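The values are calculated or read from the model by the stated rules, or taken from the named source; none is laboratory data. In this text the structure is predicted, and so the values were computed from the model without any measurement. Glycine gets a Cβ as well: all are built from the backbone with ideal geometry, and neighbour counts include every protein chain shown. Keep in mind that these areas ignore ligands, DNA and RNA; they rest on the heavy atoms of the full protein, side chains included. Shrake-Rupley method; radii C 1.70, N 1.55, O 1.52, S 1.80 Å.
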Amino acid sequence: MLLTKAPALRSVARSLIFNGLRSITSGFNPPSLSPKIYEHETVRVRAESLIDYGRELEKWIKNNKLPAKMVGGWMVDLGGSPEYTFIWEYESYKHRSQVRMECMTDPNMEYMLARVGPMISEHYGSRILRMYPGIEVKAPTKQQLVYEMSVYRWKDASMSPDGQRMVPLVQDLYKAQQDHLGQHGAGVSGVWFTEFGNVGELTFLFYWPDLEKRDEILAGWMKDTEKRKLGIRRGNFNST
């Protein structure tokens with residue numbers, strides 16, 4: 001993966017790939033750049049209900065006002081199938097609590113949960129995220145893309161991912177990725193750090209033209225020793 005060799009990161013904790021063609025939204029809605037919180041949740045669906053679950057969600061989204069902004073919602077193709085994964089945006093923790101209370105008393109939500117509840121085999125615990133400092137995120141111009149969410153863990157669990165030592169490193173990595181990926185119609189849609197859940201994690205949301213092109217782009221990245229060694233120059237971390 002793109003950041004596996006980065007010296008400040010462990011190996012990839014989890015990587016999910018999902019096809020924009022199977023997105024339950026129009027692909028990716030860029031997060032606001034103000035200090036907001038984001039909730040990443042993943043739902044494992046019974047294999048026989050995988051398509052029906054997506055159809056029910058699409059129907060509900062089309063006919064109802066969403067309780068919060070859905071940054072993205074996708075069916076996972078590789079790395080966790082049969083699953084759906086979502087990123088929600090909230091103004092604050094207070095706003096999130098208000099939304100959850102409203103959902104509990106919303107008859108439309110109750111109806112939808114009654115429809116999809118039997119299809120769910122497991123609901124993973126949510127992670128609360130924040131956008132990474134100093135990184136401007138833009139949505140891809142095309143919607144029919146392959147998306148990939150990769151989660152990395154810091155080697156030093158006591159080190160804050162948004163701390164003074166980490167911010168320049170992540171910003172350098174992000175810039176190098178955008179420069180390289182942008183030449184091939186790929187890029188980074190979002191970078192978040194975990195504030196509540198598994199603290200010490202960094203989440204990247206990549207987009208690729210297709211899976212075959214993804215492999216070609218990554219191969220080119222790994223051949224570039226300057227990019228692979230990016231971050232070592234600061235001398236803060238041991239190489240993995």
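Inside the stretch 44-58, residues that are more than 23 Å from the chain's Cα centre (by Cα) and open to solvent by 80 Å² or more (accessible area, probe 1.4 Å) make up a count of 1. Search the stretch 190-240 for residues being charged (D, E, K, R) and touching a Leu at 6+ places or on another chain (Cβ under 7 Å), and hand back the single one that is modelled with the highest pLDDT. Result: Glu195. Taking the numbered list (1) modelled with pLDDT under 90; (2) touching a helix residue (DSSP H, G or I) at 6+ places or on another chain (Cβ under 7 Å) in turn, Tyr90 passes all entries but (1).
Residues that are part of a strand (DSSP E or B), open to solvent by 10 Å² or more (accessible area, probe 1.4 Å) and modelled with pLDDT of 80 or more within the stretch 147-186 comprise just one, Val151. What are the residues in the stretch 123-146 that are under 14 Å from the mean Cα position of the chain (by Cα) and modelled with pLDDT of 80 or more, if any? Answer for the stretch 123-146, where residues must be under 14 Å from the mean Cα position of the chain (by Cα) and modelled with pLDDT of 80 or more: Ser126, Arg127, Ile128, Leu129, Arg130, Met131, Tyr132, Val146. Restricting the stretch 14-69 to residues that are more than 21 Å from Ala139 (Cα to Cα) and of a type in the set (Gly, Ala, Ser), the residue that is modelled with the lowest pLDDT is Gly54. Figure legend. Inter-residue proximity from the stretch 192-208: first residues open to solvent by 10 Å² or more (accessible area, probe 1.4 Å), second residues at pLDDT 80 or above and in a loop (DSSP other than H, G, I, E, B), beta-carbon distance below 6 Å, spacing 6+ or different chains. Indicated pairs: Phe193/Tyr132.
Tell me, yes or no, whether the stretch 64-87 has at least one residue that is open to solvent by 10 Å² or more (accessible area, probe 1.4 Å) and over 21 Å from the mean Cα position of the chain (by Cα). Yes - at least one qualifying residue is present in the stretch 64-87.
Residues in the stretch 105-141 that are over 20 Å from Gln171 (Cβ atoms) and outside any loop (DSSP other than H, G, I, E, B): how many? Matching residues across the stretch 105-141 total 20.
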